[in-house]
Every structure is written in C-alpha cells, then in structure tokens.
Amino acid sequence: MALARSKLALLRIRSLRQAILGALLTSPLAPDLKGLRGLERYDRAALVQQRRTLRLLSFERK
C-alpha cells in the first residue's frame, strides 16, 4: 500500500512539474520558479519513501 501511495505521489508531482515547465515556456515568472523548486523537494521525499518501502519489501521476502 505504501509503495502504491509513493508511486502515485511521484506521478502527481511529475505531472505538476510538466505543467509548470510548460507555463514557464510561455511566460517565465519568478513565482513559477519557486513552485518548481518546492516540487523538487516533494519529488525527492517521495523517491526516498519509495526506495525505503522497496527495501523493506525485499527484506520481508528473505
């Protein structure tokens, strides 16, 4: 369940990032850059959670 949640979070974050990058192509604004930087932080946190969950699952199988 945790793995599915982390994957879903990554999909949402990456979708938002694509939307922000697309908006930046039409009109680069500083607030959009701040939002992009914040998404990077959430992306890293979701990746860490996904790796941790995968590691725990592999330990449980052994």
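The values are calculated or read from the model by the stated rules, or taken from the named source; none is laboratory data. In this text the structure is predicted, and so the values were computed from the model without any measurement. Here the Cβ is made from the backbone with ideal geometry for all residues, glycine too, and neighbour counts use every protein chain on show. To get the accessible areas, we keep the full protein, side chains included, count just its heavy atoms, and leave off ligands, DNA and RNA. Shrake-Rupley method; radii C 1.70, N 1.55, O 1.52, S 1.80 Å.
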Worksheet entry | Residue check for Ala4: at pLDDT below 85 and out of contact with any Leu (no Cβ under 7 Å at 6 or more places or on another chain) | no
Discussion item. One residue is enough: does the stretch 29-39 have a residue meeting the conditions modelled with pLDDT of 90 or more, among the hydrophobic types (A, V, I, L, M, F, W, C) and open to solvent by less than 50 Å² (accessible area, probe 1.4 Å)?
Written reply: no
Discussion item. For the condition open to solvent by less than 100 Å² (accessible area, probe 1.4 Å) and on the phi < 0 side of the Ramachandran plot, what is the one hit in Thr26, Thr53?
Written reply: Thr53
Discussion item. Report every pair of residues separated by at least 6 positions or lying on different chains whose Cβ atoms are under 8 Å apart, first residue within the stretch 45-62 and farther than 17 Å from Ala9 by Cβ, second aromatic (Phe, Trp, Tyr) and open to solvent by less than 70 Å² (accessible area, probe 1.4 Å).
Written reply: none
